[in-house]
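Contents: one structure, followed by commentary.
The values are calculated or read from the model by the stated rules, or taken from the named source; none is laboratory data. Nothing here was measured: the structure is a model prediction, and the numbers come from that model. Cβ coordinates were reconstructed from backbone atoms using ideal geometry, including for glycine residues, and neighbour counts include every protein chain displayed.
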Amino acid sequence: MTHSFILKFGKYKGQNFNSTPVSYQSWLLKQDWFKLPAELTEVQKAAKTISQLSGQLKGWDGNSSRGAAIYDSIFDAEVALDQAVENERKYFGMNEETKRAEMDWEYAEITACNMVDSYYND
């Protein structure tokens, strides 16, 4: 299992955990005081974004361009949330290997269709 996060302390502060020596990674993961940063799901990330943007929109009267930009970003985040929920439902119960294979197959299928469309429409 790979862990990708930026260290916020110690000798390797500011570096990605994966870029540190394996001996350091092993040592750190064995420490009682160290807790791995929580990795959010796509649904959680989208929900967090919506929450943060909604907080920035408080008091918006509908007139400022900054508020309009935040409002548009909330819409985009809601679309991302819908897509993340759909993906969670679609791949529910699959292990990571099966899920990755399914996603790769879908990507290849979409790419092939796009190539055919491009060939006939250009």
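For the reader, a short list of remarks on this structure follows.
- Qualifying residue in region 85-95 (condition: assigned to a loop (DSSP other than H, G, I, E, B) and among the aromatic types (Phe, Trp, Tyr)): yes
- Yes/no for residue 50 being outside the structural domain of residue 81 (by TED's automatic domain parsing) and closer than 30 Å to residue 92 by Cα: no
- Test: residue in region 63-70 that is under 30 Å from residue 5 (Cβ atoms) and either out of contact with any helix residue (DSSP H, G or I) (no Cβ under 8 Å at 6 or more places or on another chain) or surrounded by 11 or more Cβ atoms within 10 Å (Cβ to Cβ) (or both): yes
- The number of residues in region 15-59 being farther than 15 Å from residue 84 by Cα, hydrophobic (A, V, I, L, M, F, W, C) and in a loop (DSSP other than H, G, I, E, B) comes to 4.
- Test: residue in region 82-93 that is within 27 Å of residue 16 (Cα to Cα) and at pLDDT 90 or above: no
- Near pairs, Cβ below 7 angstrom, 6+ apart or cross-chain, from region 28-48 (surrounded by 10 or more Cβ atoms within 10 Å (Cβ to Cβ) and of a type outside the set (Val, Ile, Thr)) to any residue that is at pLDDT below 85 and part of a loop (DSSP other than H, G, I, E, B): 28/34; 36/3; 37/5; 48/40
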